[in-house]
Amino acid sequence: MAPNIEYPYMPPGRFLKYASPDDPFMVAAARARAEQASDALYPVGAAMVVGGAMVARAGNGFNRGAGKVHVCPRIVLDVPSGTGYELCDLHDPTGHAERMLLQVAREAGIDPAGSDVYLYGHWWACEPCWSALIEAGVRDLYVTDDAHERFAREKVYGETLTPGVKSVYIAGPITNVEDFESQKRFYEALGEAAEQVGCRSCIPHRDSGETQWAHDENKAADVFAWATGAVRDCDVVAADVSVPSLGTGGELVEATREGKHIVLLSKRGSRVSAFVRGNPSVVYHIEYIDEADAARQLRNVLRQL
Ligand SMILES: [Zn+2]
Ligand SMILES: [Zn+2]
């Protein structure tokens with residue numbers, strides 16, 4: 001019944017075994033994927049079975065648990081497949097589900113020798129993982145019988161690289177900018193980038209209703225109320241922090257108080273305050289070359305949130 005599939009790697013004399021996605025041990029591996037895999041991009045779970053009983057579970061991304069935001073620089077920078085591994089170590093083979101499973105089992109005093117391993121979330125195992133499994137004396141490695149389709153890269157990315165966030169507030173200096181016209185165009189380009197991945201954008205100069213509001217002394221209280229309210233209404237604050245701005249700094253603190261994600265953008269070479277970079281709500285800091293690069297990177301960040 002084994003489908004005729006070309007595997008990127010298979011150790012000599014070994015082969016994968018197949019189980020239905022409904023197999024109880026596969027369901028256990030799926031649960032490990034949902035709860036324990038911290039690689040939000042390509043989550044994989046694994047379960048170890050000894051003598052007909054499930055004895056250990058683990059997820060990839062070093063088994064740190066699901067639900068953590070990981071904005072992968074390799075995706076942000078459109079790094080070609082198979083390169084740029086130095087940019088992010090979350091996906092390192094030492095943190096793969098198979099290796100973590102062996103570690104979890106050993107820490108619990110379980111000898112993996114003679115066990116079977118069920119993998120849910122991937123359709124093959126890499127060379128370092130196979131070597132570790134063989135060395136540990138694991139008997140068989142199971143994937144789902146439809147794994148090569150269910151967990152094909154494009155299929156998985158189609159699910160994981162879709163924004164879960166719905167709206168983005170575009171923050172940045174307004175009062176102390178030399179060329180407000182080109183700065184406005186930049187904010188609009190960032191808003192457009194957000195909209196291209198299905199997010200609503202909120203841009204102060206465009207959406208506050210009055211283009212000159214920031215410069216009108218009588219409107220100062222309205223400016224504060226509008227901007228803080230708009231930050232609260234969005235899921236993400238994307239802030240250009242290339243040039244210091246008191247208002248932007250305030251908006252970022254408001255975003256943190258409200259539990260929003262923050263994406264910083266700064267032109268390469270500009271110096272950004274440590275207070276801003278150290279904000280725990282910052283999920284990614286984009287350093288851009290030009291407007292188009294900033295927009296492209298912002299799109300790739302939002303796809304991962
Ligand atoms: Zn990564
Ligand atoms: Zn692996």
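State whether one or more residues within region 278-291 are part of a helix (DSSP H, G or I) and free of Cβ contacts under 8 Å to residues at least 40 places away in the same chain. Quick ask: steps written out before the conclusion?
As a first pass, look at region 278-291 and keep what is part of a helix (DSSP H, G or I): 291.
Still in the list and also free of Cβ contacts under 8 Å to residues at least 40 places away in the same chain: none.
No; the residues of region 278-291 include none that is part of a helix (DSSP H, G or I) and free of Cβ contacts under 8 Å to residues at least 40 places away in the same chain.
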Residue that is nearest to A292 (Cα to Cα), among those in region 78-96 that are in a loop (DSSP other than H, G, I, E, B) and either in contact with a Pro (Cβ under 6 Å, 6 or more places away or on another chain) or away from ligand 1 (no atom under 11 Å from the Cβ) (or both):
D78
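Yes/no per residue for (1) outside the structural domain of G109 (by TED's automatic domain parsing); (2) under 19 Å from Q304 (Cα atoms); (3) modelled with pLDDT of 95 or more:
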residue	(1), (2), (3)
Q36	no, yes, yes
P43	no, yes, yes
V49	no, no, yes
M54	no, no, yes
R57	no, no, yes
N60	no, yes, yes
G65	no, yes, yes
H70	no, yes, no
I75	no, yes, no
Any strands (runs of 3 or more DSSP E) falling wholly within region 166-257 and containing at least 3 residues that are in contact with a Cys (Cβ under 9 Å, 6 or more places away or on another chain)
167-171, 200-202
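Only one of these is within 18 Å of the chain's Cα centre (by Cα), assigned to a helix (DSSP H, G or I) and within 16 Å of ligand 2 (Cβ to nearest atom): R33, R74. Name it. Lay out the reasoning, then the answer.
Details: R74 fails: within 16 Å of ligand 2 (Cβ to nearest atom).
Just one listed residue meets the conditions, R33.
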Can you tell me which residue within region 105-146, out of those that are without any contact (Cβ under 8 Å) to a residue 60 or more places away in the chain and within 29 Å of the chain's Cα centre (by Cα), is nearest to A56 (Cα to Cα)?
A105
Take region 257-305 and flag every residue that is of a type in the set (S, T, Y) and either surrounded by 16 or more Cβ atoms within 10 Å (Cβ to Cβ) or over 26 Å from A220 (Cα atoms) (or both).
S266, S270, S281, Y284, Y288
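Name the residues in region 59-75 that are more than 18 Å from A125 (Cβ to Cβ) and within 9 Å of ligand 1 (Cβ to nearest atom), would you? Outline the logic, then answer.
If we filter region 59-75 for residues that are more than 18 Å from A125 (Cβ to Cβ), which is where we start, we get 64-75.
Within region 59-75, H70, V71, C72, P73, R74, I75 qualify.
Could you identify the single residue in G109, G172 that is at pLDDT 95 or above, in the same structural domain as A34 (by TED's automatic domain parsing) and not hydroxyl-bearing (S, T, Y)?
Checking each option against the conditions leaves just G109.
The values are calculated or read from the model by the stated rules, or taken from the named source; none is laboratory data. A quick note: this is a predicted structure, and the numbers were derived from the prediction, not measured. Because the Cβ atoms are built from the backbone with ideal geometry, glycine has one as well, and the counts that use them run over all protein chains shown.
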